[in-house]
Every structure is written in structure tokens, then in C-alpha cells.
Amino acid sequence: MLKEKPFYSFNTYLKEKFGERVHRISIDAGFNCPNIDGTLSSQGCIYCNNKGFAKYAGSSKAIKEQLKESMAFYRRRMGINKFIAYFQAFSNTYADIQTLKERYDSIKEFPDIVGLFISTRPDCIDKEKLSLIAQYAKDYLVWIEYGLQTTHNRILKQINRSHTYEDFLMAYELTRKFNINIGVHVILGLPSQEHKEILKDAQQLARLDIQGIKFHILHILKNTFLEALYKDDKIQLLAKDEYVKIICDFLERIPESFVILRLISSAPQDYLAAPNWMNKKTALIEEIEQEFKKRGAHQGCFIKKSSLTS
Ligand code: SF4
């Protein structure tokens, strides 16, 4: 819950759970995505370049090797001793049950891994897969992160997500039946997205029994369809000040209990075409906190004010 910060940060949540700093290690477990392999589309989401999302994306290293290497790095560099395995690149439930089990089981060899986070699409899940994932909750903190990006089907179509908001709602309902924590990925500043549509996204998600949100700023990664649109001047990105205001507007409208899995996107500099301010994370978080201070606001404050006056 909110203590030092005007939003419920992921670090705070992990500290509450484990009593110490925990680091999330992003891995590429060798999955594909139906929106890339031709099943739904071969173009992918218009902003997709997995190399710009995840450190090991496209790596030939085995899962255990990726985990071992990263854990050694964070132990040495930051003195961290507990870790979460984050199956991040591509769609991490897009395989048969046996394959999923073998890949998730890779974490069992590492006693310092305390959590299993699985990122996937809402149309890549079913009861059997959820039942498998739920079994890990006996020993690990388990979350599924669904790429949703927006609740507006018009925009989902425009960015070629190849699923609808209703698909997400079905996955959400099924996942909560298995009592698995849900994180939802949201992109702010999507093409043609109006401010009122962003607020509607916040209001829609605020009503759900989800546990967290991971925010992305729409950014341009090299070698994407979005990059071509950007070069042709067909889309506009949010300016830094706009992003600061919009994310505060969003946070004010979601419950205090939602964990903010990430407030600001980052991307390897080699893959990032724009905006150039995005990777200055510490300064941006500071600006967001200042904006909240100026408003006398915090995550969820709008919900409280609304319920008091209704
Ligand atoms: S669902 Fe994820 S991996 Fe698949 S195309 Fe979209 S962004 Fe890329």
C-alpha cells in the first residue's frame, strides 16, 4: 500500500512480501507468438520488436543459463539475493502443456528464485494451462501479465493486436477463478488515442479484480511498422510533460491496491528510435512525484473523492 510514494510501487510490494529487495529477471524461454508466426498475423503488433523489450530476447542461451548469469550479476552489483523469474519475451503460454511445464520447471533448480511471472496474450490461455500455472503458487509468488494495451477495440485493431477487449475479459475471469494474480499491460499515447479514452481505460480497469498494471509509453523501436509510420509523420508521440500529466490522471483513477509493476518504459538505446527522453527514468519518476505533490494527489485519490460525493 501507499507509504513513501504517491503510487504503490512494485519495489514496495516486493519488500512487503519478502522483507528485502527482490529483482525480476527477464528471460526468453524460446516461445513464439501467434501474432507473429502467421496463426493470427505475421506482422505482429505495430510496435513489436522483442529485442527492444527483453534483455535475452532472441538469445540462444538456455533458460537456466540466462537465470544463472543475471542472478550472479545482480548479486555482485547490487547485493540482491532473491529473484523473480520473468518469462517475458514473446507469448509465454503459447505451447503445449508438457513444454510449458518443462520450461517453467527450470526455476526449481534455483533456491533464490521466489517468484514466477509469466507474460502472455489473453488469447493464449485456457483452463489446463492455468491449472498448471496455479500449482507453482504453493512455492512461488505467481503472476500472469496480460498484454492488453487499451480497452478500446478500435485502437486494438489499429495496432494489430489481433484480439479484443472481450478476449481479455474472458482470460481475466478464468485466471481469477484459479486465484492467480493478474498484471495488465497498458500503453499510453497510442495512435489516435484521445485523452478521454485513456481515462476510460483507467475506469474500466479500476472495476476489475486485477492486482497490478504495467505502464508503457508508446515509443518507437527500430525495425517496426510503427517506425515507418513515425518516419512518414503519420503518428505523434506524447511529449514528456504530457506523459507526466496523463499517467497521474490514470493513477488517480485506479485503486491504491493495484501494484504499479512499472511506471515508465525503457528500451536498449540501440533499439530506441524515439522519444529520446524516455530512458531518463529517475528524473521522470521525480517529475511524476512532483506533479502529484503539486496536485495534492496520489494513486486512487479520485476514486475516494468520487465515492464521497456520490
Ligand atoms: S503480442 Fe507481444 S510478442 Fe506478439 S506481436 Fe504483440 S508485442 Fe510482439
- Message: Explain nothing, just compute: Karplus ³J(HN,Hα) = 6.51 cos²θ - 1.76 cosθ + 1.60, θ = phi - 60°, for every residue of the range 101-113 in order, whole Hz, x for Gly and Pro.
- Response: 4, 4, 6, 5, 5, 4, 6, 5, 6, 10, x, 7, 7
- Between THR99, SER192, PHE117, whose Cα lies farthest towards the positive end of the dipole of the chain when Lys and Arg beta carbons carry +1 and Asp and Glu beta carbons carry -1, centred on the Cα centre? PHE117
- Using the Karplus equation 6.51 cos²θ - 1.76 cosθ + 1.60 (θ = phi - 60°), what ³J(HN,Hα) coupling, rounded to whole Hz, does each residue of the range 192-199 give in order, writing x for Gly and Pro? 6, 6, 8, 4, 5, 6, 5, 5
- Task: Run the quick spin-label model on GLN158 and GLU20: label points 7 Å from Cα toward the beta carbon, then report their separation in nm to one decimal.
- Result: 4.8
- Query: Can you give the extra length, in nm with one decimal, that the chain gains between LYS280 and GLU197 once fully stretched, where that is 0.36 nm per residue apart less the Cα-Cα distance?
  - Reply: 27.2 nm
- Note on the structure: Taking every other residue with Cβ under 12 Å from the Cβ of ILE155 and scoring Lys and Arg +1, Asp and Glu -1, one gets +1
- Query: For the pair LYS231 and ALA137, what calculated FRET efficiency results from E = 1/(1 + (r/R0)^6), where r is the Cβ-Cβ distance and R0 = 41 Å, to the nearest 0.05?
  - Reply: 0.35
- Message: Please list, in order along the range 170-177, the HN-Hα scalar couplings obtained from phi with the Karplus expression 6.51 cos²θ - 1.76 cosθ + 1.60 (θ = phi - 60°), rounded to whole Hz, x for Gly and Pro.
- Response: 5, 5, 4, 5, 5, 5, 5, 5
- Using a Förster distance of 25 angstrom, determine the FRET efficiency expected from the C-beta separation of GLU109 and THR39, and round it to 0.05. 0.20
- Cβ density ranking, 10 Å radius, fewest first, applied to MET170, MET78 yields MET78, MET170
- Message: Sort 9-20, 184-195 by the packing proxy (mean of other Cβ within 10 Å over each peptide's residues), most packed first.
- Response: 184-195, 9-20
- Task: List every residue whose amide H lies under 5 Å from the amide H of GLN149, counting only residues 5 or more places away in sequence or on a different chain, with H placed 1.01 Å from N in the peptide plane.
- Result: HIS185, VAL186, ILE187
- Item | Cβ-defined net charge surrounding ASP241, 15 Å radius [Lys, Arg +1; Asp, Glu -1] | -1
- Query: Picking from LYS196, LYS55, LYS127, which is most flexible by a Gaussian network model of the chain using Cα springs under 10 Å?
  - Reply: LYS196
- Task: Once you've got the Cα coordinates, tell me which of LYS17/LYS82; LYS101/LYS138; LYS245/LYS281; LYS68/LYS214 are over 18 Å apart.
- Result: LYS68/LYS214
- Query: In the range 10-302, what percentage of the DSSP-assigned beta bridges are antiparallel, given to the nearest 5?
  - Reply: 5
- Item | Segment SER60-GLN290, length gained on full extension (0.36 nm per residue, minus Cα span) | 78.5 nm
- Task: Considering only ILE217, ILE235, ILE144, give the residue with the highest GNM mean-square fluctuation for the chain, with springs between Cα atoms whenever their separation is below 10 Å.
- Result: ILE235
- How high is the FRET efficiency from ASN81 to LYS127, r the C-beta distance, R0 45 Å, rounded to 0.05? 0.80
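The numbers here are math on the coordinates, done by the rules we state, and not lab data. Given the structure is predicted, the values throughout are model-derived calculations rather than measurements. Reconstructed Cβ throughout: ideal geometry from the backbone, glycine too, with neighbour counts over all protein chains shown.
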